[in-house]
Amino acid sequence: MPPRISPSLIEVVVLAFWLGAAAFFSVAVAPALFAALPTRTLAGEVVGRILPGVFYSGIVVGVLVAVIEVASRGAWSWRGREMLGALIAIACAIAQFIVSPRIAGLRAEIAGPVESLPIDDARRVLFGRLHGVSIAWLGIAMLAAAITLVMAARTLDTRT
């Protein structure tokens, strides 16, 4: 009989892949796009096409962690890894389904480069705030994923 794969191992693998992808996007891909592409608008469009993949996969990862935890314990508890999994999913869902549509609507209303607006224009200020909120929700999801990853890794059986 093959050895049983532990729920913690599944969580570690899934969280490590998602956290690695989210971190790579945040610290390498997005900054590189804004540095290399000729306009911030073009870079923003590319980032806007990549982010849904990060957010949707974060929702899936968060739900998976919560489900694995509930299934392995047989009940929901309002502490621990299932709550952090739920936080990952909720943070990504808020960013994808609430913040991102507001950013898209504002971009459509502006109908041109955001940076062409005066610095004190209410739409430019709102765009900056929404961008910050989106980054914050992704950061919350990434922090919750990192904590969950460490918690799951600490429960792995290290016997050889």
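The values are calculated or read from the model by the stated rules, or taken from the named source; none is laboratory data. Just so it is clear, the structure is predicted and the values come from calculations on it, not from any experiment. Here Cβ is always computed from backbone atoms with ideal geometry, including for glycine, and neighbour counts include all displayed protein chains. Heavy atoms of the whole protein, side chains included, go into the accessibility calculation; ligands, DNA and RNA do not. Shrake-Rupley method; radii C 1.70, N 1.55, O 1.52, S 1.80 Å.
Laid out as a table, the results:
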item	result
Accessible surface of the chain [probe 1.4 Å, protein heavy atoms]: carbon and sulfur percent	70
Percent RCO, i.e. relative contact order, over the chain, from Cα pairs under 8 Å lying at least 6 residues apart	31
Degrees between helix 40-73 axis and first principal axis of the chain (Cα, 0 to 90, nearest 10)	20
Relative contact order, percent, segment 1-91 [alpha-carbon distance under 8 Å, six or more residues apart]	27
Theoretical gain in end-to-end length, Val46 to Leu156 [0.36 nm per residue, Cα-Cα removed]	35.7 nm
Segment 83-160: C-alpha gyration tensor shape, a/c 1.5 cut-off, then a/b vs b/c	prolate
Förster radius 41 Å - calculated FRET efficiency between Ala75 and Phe24 (Cβ-Cβ, nearest 0.05)	0.70
Net charge dipole size for segment 1-119 [Lys, Arg +1 and Asp, Glu -1 on Cβ; Debye, nearest 20]	180
Helix axis angle, 81-94 relative to the chain longest principal axis, alpha carbon, degrees	20
Helical mean residue ellipticity (222 nm; -39500 (n - 2.57) per DSSP H run of 4+; nearest 500) of the chain	-25000 deg cm²/dmol
Between 0 and 90°, nearest 10: helix 7-24 axis offset from the chain longest Cα axis	20
Segment 1-70 and segment 92-107: distance between their alpha carbon centers, rounded to Å	17
